[in-house]
Amino acid sequence: MPESETVLSALADGVLRLTLNRPDKLNAFNEEMHLALRAGFERAHEDRSVRAVLLTGAGRGFSAGQDLGDRDPRKGGAAPDLGHTIETFYNPLVRLIRSLEKPVVCAVNGVAAGAGANIAFTCDITLAARSARFIQAFAKIGLVPDSGGTWSLPRLLGEARAKALALTAEPLDAETAANWGLIWKAVDDATLLDEAGALATRLAAGPTMGLGLTKRAIQAAATNSLDQQLDLERDLQRQAGRSGDYAEGVTAFLEKRKPEFKGQ
Ligand code: LHQ
């Protein structure tokens with residue numbers, strides 16, 4: 001991973017903790033932070049000792065999305081190609097998170113705006129501090145929700161709420177986001193990191209292959225018919241049934257003890 005202070009990276013108990021770290025800019029994404037975060041998720045893909053990821057932000061914000069200072073229109077010149085930024089940075093990040101067959105927990109410690117919000121919704125289990133707000137800030141600057149927002153918002157919320165959030169850019173508080181099914185839950189600010197950390201640690205000690213295949217199956221349901229999904233479940237169950245963790249899980253149950261999953 002390239003050395004960068006813009007994303008802090010720490011591995012403990014099978015959990016790779018990635019902390020967005022540009023607190024003065026509410027962890028807005030510049031190129032360096034993009035590359036560092038991508039490197040973190042690439043490591044999560046490759047490193048077998050990583051069995052879960054915890055994504056959070058340093059300071060009072062989770063992420064304010066793209067760093068708007070990077071392309072100051074007052075400097076003149078040709079209009080920037082934002083599609084290139086999306087293609088180069090945001091889309092690969094969303095694909096890396098979705099295709100990682102390990103749980104990704106997100107702890108939204110404060111405001112999540114623009115791409116920052118939609119990256120949080122891309123993660124598998126998202127918790128937020130009660131004081132956190134989610135803002136589809138794109139509408140305020142003439143842009144379109146990205147980082148999968150136009151895909152995840154209507155799926156998670158339905159069109160009415162998705163459109164209202166995206167067209168008005170009104171902030172959504174964490175409690176409402178949880179009640180609407182946009183995130184897993186809102187927790188007290190003081191306990192957010194402890195709760196998210198404990199959850200990630202528990203998942204990291206779980207049957208990693210089975211959890212990864214479960215993630216794959218649930219994501220596939222968005223585009224599969226019931227018949228396709230039933231076939232997929234059969235195939236994935238066949239694969240899970242051959243894992244060491246399945247044998248350990250059943251053995252531990254029969255022996256009335258806690259399983260010791262190895263992630264294989
Ligand atoms: C920031 C930012 C920021 C730089 C706060 N950039 N400095 C993809 C492709 C390519 C291009 C475009 O975009 C995208 C995807 C996107 O993400 S578009 C959406 C970009 N994000 C936004 O429009 C959100 C902009 N930020 C805000 O609206 C506010 O900062 C929020 C509502 C997030 C927080 O408000 P406050 O709590 O009042 O904090 P603040 O505004 O005072 O910000 C604190 C500092 O962070 C401040 O710097 P300063 O030096 O004055 O203390 C801000 O300038 C800086 N900051 N967001 N995106």
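A few remarks follow.
- Criterion applied to ALA137, ALA178 was being within 15 Å of the ligand (Cβ to nearest atom) and under 19 Å from the mean Cα position of the chain (by Cα), and the one residue passing it is ALA137.
- Segment 34-60 - residue that is in a strand (DSSP E or B) and over 22 Å from MET209 (Cα atoms) and, of those, nearest to the ligand (Cβ to nearest atom): GLY57
- Criterion (in contact (Cβ under 8 Å) with a residue 40 or more places away in the chain and touching a strand residue (DSSP E or B) at 6+ places or on another chain (Cβ under 7 Å)) met by exactly one of ASN21, ASN27: ASN27
- Residue within segment 219-237 that is modelled with pLDDT of 95 or more and surrounded by 19 or more Cβ atoms within 10 Å (Cβ to Cβ) present: no
- Hey, GLY116 at pLDDT 95 or above, touching a helix residue (DSSP H, G or I) at 6+ places or on another chain (Cβ under 9 Å) and on the phi > 0 side of the Ramachandran plot or not: no
- Single residue of segment 61-92 satisfying the filter (within 16 Å of the chain's Cα centre (by Cα) and not small (Gly, Ala, Ser)) that is nearest to the ligand (Cβ to nearest atom): TYR90
- ASN224 satisfies every condition listed in (1) farther than 30 Å from GLY142 by Cβ; (2) part of a helix (DSSP H, G or I) except (2).
The values are calculated or read from the model by the stated rules, or taken from the named source; none is laboratory data. This structure is a prediction, so every number in the text was calculated from the model and none was measured. Backbone-built Cβ (ideal geometry, glycine too); neighbour counts: all protein chains shown.
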